[in-house]
Amino acid sequence: MDIQRGTYGFRFAEDTGLQLCILFAAGCDSITGPAYSWDGLERTDGPLLLFQYTFSGEGIFESGQRTHRIAAGQAFLAEIPGPHRYYYHPDATEPWEFMFLLFRPALILPHWRKFLHEAGEAPYLPADSPPVRLAQMIVADAGAGRISDPLIASSCIYQFVTELARLQVTSLRDRANWADNIRRAAEYIELHYSQMISIDQLSEHVSLSKYHLIRRFSASTGLTPVAYLTRVRTEKAMELLRGTPLSIEAIAGAVGYSSGSYFIKAFRSLTGLTPGEFRSGGESLVYRKLFFD
């Protein structure tokens, strides 16, 4: 880690005539003990969005009923206030070293939630990926005093969240650089999307533990295996909606969903349309296909 440790806060005067992203704080830290512990329901400085990326060591991120061990190369995303907690791993033997960005959700919450939906709340991100490199630059610029006005701060945050949101686009297009077992996992999903595919089944097929499969798949593709499966099923469903007279229930079964209602929910979450609206066009354009970026 080559950026200086410290926390840098920003409290620029707001201009009501401008809509700007608001950077609240940025920093880099090295934690060695249990005194470092944050509860998202007890904080009073929200609403805030937190991106924290680990360089080395290990911490714990609890969110709802889920517990994530946050290791090197892994980030976590949290909305403050919220039902989460993060702290130094009690059994760790080395410092937990990380960087973080805190910013207001105004203007950028849809980008944030798009990434959260596709990559999960504790994604693995390559150290040379654009969001990680950009976050490092923001922290370095904060320490050097180069974020000197609200326009610069807004530009930094908007660019960062945009790169985060488009990470899966560039990752999916870079299939030639995926590891062999990740390509095989993707191909398995593409061939067997109409069946119930569990993470256990997929990890056994590519000879990886569930932990390593999710980590490597997300880092390579920008999507969790479940989000990738939803994407493939939606693309296949669009072909059937446009090219066949099959009912919505029949198409749901053909692409692997146990019920039409679940299919409609999944289809709409990705396309913004119900399957029926996509098929008929309704009051909008009649699409032959939708391309996801």
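The values are calculated or read from the model by the stated rules, or taken from the named source; none is laboratory data. Just so you know, these numbers come straight off a predicted model, no measurement behind them. Cβ coordinates were reconstructed from backbone atoms using ideal geometry, including for glycine residues, and neighbour counts include every protein chain displayed.
Name the single residue that is nearest to residue 131 (Cα to Cα) among those in the range 26-75 being of a type in the set (Ser, Thr, Tyr) and in contact (Cβ under 8 Å) with a residue 40 or more places away in the chain. Working first, answer last.
Start the filter on the range 26-75 by keeping residues that are of a type in the set (Ser, Thr, Tyr), which leaves 30, 32, 36-37, 44, 53-54, 56, 63, 67.
Going one step further and asking which of them are in contact (Cβ under 8 Å) with a residue 40 or more places away in the chain, we end up with 30, 32, 36-37, 53-54, 56, 63.
Working: 30: 21, 32: 26, 36: 25, 37: 25, 53: 10, 54: 13, 56: 18, 63: 23 Å.
The selected residue is 53.
For beta carbons closer than 8 Å, sequence separation of 6+ or different chains, a first residue in the range 85-96 that is closer than 21 Å to residue 50 by Cβ and a second that is basic (Lys, Arg) and at pLDDT below 95, the qualifying pairs are 89/69. Scanning the range 82-141 for residues that are among the polar types (S, T, N, Q) and either under 21 Å from residue 40 (Cα atoms) or surrounded by 17 or more Cβ atoms within 10 Å (Cβ to Cβ) (or both), we see that the one that is nearest to the chain's Cα centre (by Cα) is 129.
Is the range 199-207 home to any residue that is in a helix (DSSP H, G or I) and small (Gly, Ala, Ser)? Break it down into steps so the answer makes sense when it comes.
Within the range 199-207, the first condition is being in a helix (DSSP H, G or I), and the residues that meet it are 199-205.
Filter again for small (Gly, Ala, Ser), leaving 203.
Yes, the range 199-207 has at least one match.
Collect the residues in the range 13-61 that are in contact with a His (Cβ under 6 Å, 6 or more places away or on another chain) and either outside the structural domain of residue 129 (by TED's automatic domain parsing) or not aromatic (Phe, Trp, Tyr) (or both), keeping them in residue-number order. Answer for the range 13-61, where residues must be in contact with a His (Cβ under 6 Å, 6 or more places away or on another chain) and either outside the structural domain of residue 129 (by TED's automatic domain parsing) or not aromatic (Phe, Trp, Tyr) (or both): 40, 58, 59, 60.
Among the candidates 11, 43, which residue alone is out of contact with any Asp or Glu (no Cβ under 6 Å at 6 or more places or on another chain), among the basic types (Lys, Arg), under 23 Å from residue 136 (Cα atoms) and assigned to a loop (DSSP other than H, G, I, E, B)? Working first, answer last.
On the way: 43 fails: under 23 Å from residue 136 (Cα atoms).
After applying the criteria, what remains is 11.
Selection of first residues in the range 98-112 that are without any contact (Cβ under 8 Å) to a residue 12 or more places away in the chain and of second residues that are surrounded by 17 or more Cβ atoms within 10 Å (Cβ to Cβ), restricted to Cβ pairs under 9 Å at least 6 apart or on distinct chains, gives the following pairs, ordered by first then second residue: 110/165. Set side by side, the residues 124, 158 differ, and just one is in the same structural domain as residue 87 (by TED's automatic domain parsing), touching a Gly at 6+ places or on another chain (Cβ under 6 Å) and either on the phi > 0 side of the Ramachandran plot or touching a residue at least 40 places away in the same chain (Cβ under 8 Å) (or both), which is 124.
Within the range 223-264, the set of residues being part of a loop (DSSP other than H, G, I, E, B), within 17 Å of residue 190 (Cβ to Cβ) and not polar (S, T, N, Q) comprises 223, 255, 256, 257. Is it true that residue 263 is on the phi < 0 side of the Ramachandran plot and at pLDDT below 90? Here the answer is no, as residue 263 does not meet what is asked.
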